[in-house]
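> Pasting a structure below so you can have a look.
Values in this text are rule-based calculations from the coordinates and carry no lab data. Note that the structure is a prediction, hence the values are computed from the model and not measured. Because the Cβ atoms are built from the backbone with ideal geometry, glycine has one as well, and the counts that use them run over all protein chains shown.
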Amino acid sequence: DAGVIQSPRHEVTEMGQEVTLRCKPISGHNSLFWYRQTMMRGLELLIYFNNNVPIDDSGMPEDRFSAKMPNASFSTLKIQPSEPRDSAVYFCASSRGGQADTQYFGPGTRLTVL
Amino acid sequence: SQQGEEDPQALSIQEGENATMNCSYKTSINNLQWYRQNSGRGLVHLILIRSNEREKHSGRLRVTLDTSKKSSSLLITASRAADTASYFCATALNTDKLIFGTGTRLQVFP
């Protein structure tokens, strides 16, 4: 299996622009997670999908952030408009079961907002 | 302390030495997991230990869990330079909530 696939790997954009991050989970996994990692705040769970349905989005910072999972093999995390404080590494992860099951992480997208 | 807090925050050792990292948590757990993160990479799952288990091994890794003290330890024996990474514990409060700690940065010098 190819593992969790994320694109792009690096994104540099200017404040105010829309950013879309993409994720393909491992085939057969029922849960998908979006995390954000910064030096200051560590690893934060943004949103968790189970069977394509958002279960917990309490970590989504504000209305500028939105996530979708239109099918079992694709998810997007969108930031509109982006701000410099959104600069971070964004990880997508998937698991066979729920959140407490072993999670498999993608390589991450390093986002820089100028 | 917050749920899933690792100690020490940073650890430097020589190749061949053992490395021990600890994780403390506050509430009852379903399971506890350890992950490794190499610089610039995603997290990689190492071991999952359930609340009714006390010890687990995987190669050079040994994890213990003491639910009475709400703590876990990860021991890496005969460390190698390639073990240099950050190590995170993650506590599963129930089947649908996993909280990651802040991590221990391990540096192994050749």
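> Scan A:3, A:42 and give me the residue that is on the phi > 0 side of the Ramachandran plot and in contact (Cβ under 8 Å) with a residue 60 or more places away in the chain.
Details: A:42 fails: in contact (Cβ under 8 Å) with a residue 60 or more places away in the chain.
Checking each option against the conditions leaves just A:3.
> Shifting gears a bit: Looking at segment B:39-48, is at least one residue within 17 Å of residue A:36 (Cα to Cα) and either in contact (Cβ under 8 Å) with a residue 24 or more places away in the chain or more than 13 Å from chain A (Cβ to nearest Cβ) (or both)? Don't jump to the end; show me each part of the working.
Start the filter on segment B:39-48 by keeping residues that are within 17 Å of residue A:36 (Cα to Cα), which leaves B:39-44.
Subsequent filtering for residues that are either in contact (Cβ under 8 Å) with a residue 24 or more places away in the chain or more than 13 Å from chain A (Cβ to nearest Cβ) (or both) retains B:39, B:43.
Within segment B:39-48, one or more residues are within 17 Å of residue A:36 (Cα to Cα) and either in contact (Cβ under 8 Å) with a residue 24 or more places away in the chain or more than 13 Å from chain A (Cβ to nearest Cβ) (or both).
> With (1) surrounded by fewer than 18 Cβ atoms within 10 Å (Cβ to Cβ); (2) closer than 25 Å to residue A:38 by Cα; (3) among the β-branched types (Val, Ile, Thr) as the list, and residue B:91 as the residue in question, which single condition is left unmet?
The number of the failed condition is (1).
> Sticking with this one: Please give the number of the condition residue B:65 fails out of (1) assigned to a loop (DSSP other than H, G, I, E, B); (2) more than 12 Å from chain A (Cβ to nearest Cβ).
Failed condition: (1).
> Which of (1) over 27 Å from residue B:47 (Cβ atoms); (2) over 14 Å from the mean Cα position of the chain (by Cα); (3) of a type in the set (Asp, Glu); (4) surrounded by 13 or more Cβ atoms within 10 Å (Cβ to Cβ) does residue A:101 not meet, given it meets every other one?
Of everything listed in (1) over 27 Å from residue B:47 (Cβ atoms); (2) over 14 Å from the mean Cα position of the chain (by Cα); (3) of a type in the set (Asp, Glu); (4) surrounded by 13 or more Cβ atoms within 10 Å (Cβ to Cβ), residue A:101 misses just condition (1).
> Name every residue in segment B:68-110 that is among the small types (Gly, Ala, Ser), more than 13 Å from chain A (Cβ to nearest Cβ), in contact with an Asp or Glu (Cβ under 7 Å, 6 or more places away or on another chain) and assigned to a loop (DSSP other than H, G, I, E, B), in order of residue number.
Once the filter is applied, which keeps residues that are among the small types (Gly, Ala, Ser), more than 13 Å from chain A (Cβ to nearest Cβ), in contact with an Asp or Glu (Cβ under 7 Å, 6 or more places away or on another chain) and assigned to a loop (DSSP other than H, G, I, E, B), segment B:68-110 yields only B:79.
> If a residue must be buried (at least 17 other Cβ atoms within 10 Å of the Cβ) and over 12 Å from the mean Cα position of the chain (by Cα), how many such residues does segment B:31-42 contain? I'd like the intermediate steps shown before the answer.
Keep residues of segment B:31-42 that are buried (at least 17 other Cβ atoms within 10 Å of the Cβ), which gives B:31-37, B:42.
Keeping just the survivors that are over 12 Å from the mean Cα position of the chain (by Cα) gives B:31, B:42.
Here the count works out to 2.
> If a residue counts only when it is touching a strand residue (DSSP E or B) at 6+ places or on another chain (Cβ under 8 Å) and away from chain B (no Cβ under 11 Å), which strands (runs of 3 or more DSSP E) contained entirely in segment A:24-69 have at least 3 such residues?
Working: elements: A:31-38, A:42-50, A:53-56.
Qualifying strands (runs of 3 or more DSSP E): A:31-38, A:42-50.
> Now for a separate question. Go through segment A:1-23 residue by residue and tally those that are among the aliphatic types (A, V, I, L, M) and assigned to a strand (DSSP E or B).
Initially, segment A:1-23 is screened for residues among the aliphatic types (A, V, I, L, M), giving A:2, A:4-5, A:12, A:15, A:19, A:21.
Subset that is assigned to a strand (DSSP E or B): A:5, A:12, A:19, A:21.
Total meeting the criteria: 4.
> Now, a different point. Can you pull out the residues in segment B:3-34 that are assigned to a loop (DSSP other than H, G, I, E, B), of a type outside the set (A, V, I, L, M) and farther than 11 Å from residue B:89 by Cα?
Across segment B:3-34, the qualifying residues are B:8, B:9, B:15, B:16, B:17, B:18, B:26, B:27, B:28, B:30.
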